[in-house]
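Input: a single structure, listed below in structure tokens.
The values are calculated or read from the model by the stated rules, or taken from the named source; none is laboratory data. Source: prediction; values computed, not measured. Glycine also receives a Cβ, built like all others from the backbone with ideal geometry; neighbour counts cover every protein chain displayed.
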Amino acid sequence: MGCVKYNRCKELNILKTDYRKKITLIRHGKPDFWDAYSSGTIIPGAELKKIADDYDSSSILPEPAPSDELINSVKNAGLCFRSDLRRAVKSSERLGLTNIITGPLFREIELPHGILNNIRFSIKTWFIILRVLWFLGISSNCESRKKSETRAGKAAEKIIEASEENEHVVLVAHGFINRFIGKQLKKRGWKQIEKSDSYWGRRSFIIS
């Protein structure tokens, strides 16, 4: 049976391309932080540090679960890196990954806080505003964009180095750091073949 959509056909053709090495960057599952908080919960800016701490200490919810296809695609990975934040650790366990190296190098890029303390927005709105401010260069009490890019470069180099001895290397980490690492991989000649930023989403790269 033929493909229904051209884009899907194109994707399948890419995935059939011969390649020597593969790197998969996976975003963690949905944090159980969202059991305690709603995205619409209104908070003042003064509470953002507590919100960030609660988010970083959270585990993951049973649902949504990782797909069987995702689990099967990484089960034979030669090496797995993961962030040392709990939601990434629990996600790697849920995927059944072994031969794991854990470290802060792969932590999520932080949001600024300690600003706009008396203004009130929903948590979701705060996350959007603070990320925009961060991209504009405001990095109060957090890692700057320049430092984040440098860290992502170091992470990419570490993963590429591991790929010299492993055909498939996996990273279980977070949305924004995965984006930044992905950019660094592409700068180093790796070709992106998959892209998803949802929970359990992945960015996959190959090189021949």
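Hey, any hits in region 149-161 for a residue that's free of Cβ contacts under 8 Å to residues at least 60 places away in the same chain and among the hydroxyl-bearing types (S, T, Y)? Yes, that holds for at least one residue. Kindly provide the set of residues from region 133-149 that are part of a loop (DSSP other than H, G, I, E, B) and either under 17 Å from the mean Cα position of the chain (by Cα) or more than 16 Å from G114 (Cα to Cα) (or both), ordered by number. L136, E143 - these are the residues of region 133-149 that are part of a loop (DSSP other than H, G, I, E, B) and either under 17 Å from the mean Cα position of the chain (by Cα) or more than 16 Å from G114 (Cα to Cα) (or both). Taken together, the criteria place G78 among residues that are surrounded by fewer than 20 Cβ atoms within 10 Å (Cβ to Cβ) and touching a strand residue (DSSP E or B) at 6+ places or on another chain (Cβ under 7 Å). Exactly one residue out of I115, I129 is at pLDDT below 95, out of contact with any Phe, Trp or Tyr (no Cβ under 6 Å at 6 or more places or on another chain), over 25 Å from E194 (Cα atoms) and among the β-branched types (V, I, T): that is I115. Residue count for region 150-172 under the criterion of being within 25 Å of G114 (Cβ to Cβ) and under 15 Å from the mean Cα position of the chain (by Cα): the result is 2. Meeting the requirement of 2 or more residues that are in contact with a Ser or Thr (Cβ under 7 Å, 6 or more places away or on another chain) and of a type in the set (K, R), the helices (runs of 4 or more DSSP H) wholly within region 48-123 are 86-94.
Would you call Y37 surrounded by 15 or more Cβ atoms within 10 Å (Cβ to Cβ), among the hydroxyl-bearing types (S, T, Y) and over 18 Å from the mean Cα position of the chain (by Cα)?
Answer is yes for this residue.
Within region 94-117, being within 15 Å of G29 (Cα to Cα) and exposed (fewer than 13 other Cβ atoms within 10 Å of the Cβ) holds for one residue alone: G96. Looking only at region 163-178, residues that are in contact with a strand residue (DSSP E or B) (Cβ under 9 Å, 6 or more places away or on another chain), surrounded by 18 or more Cβ atoms within 10 Å (Cβ to Cβ) and either at pLDDT below 95 or farther than 19 Å from L95 by Cα (or both) come to 2 in all.
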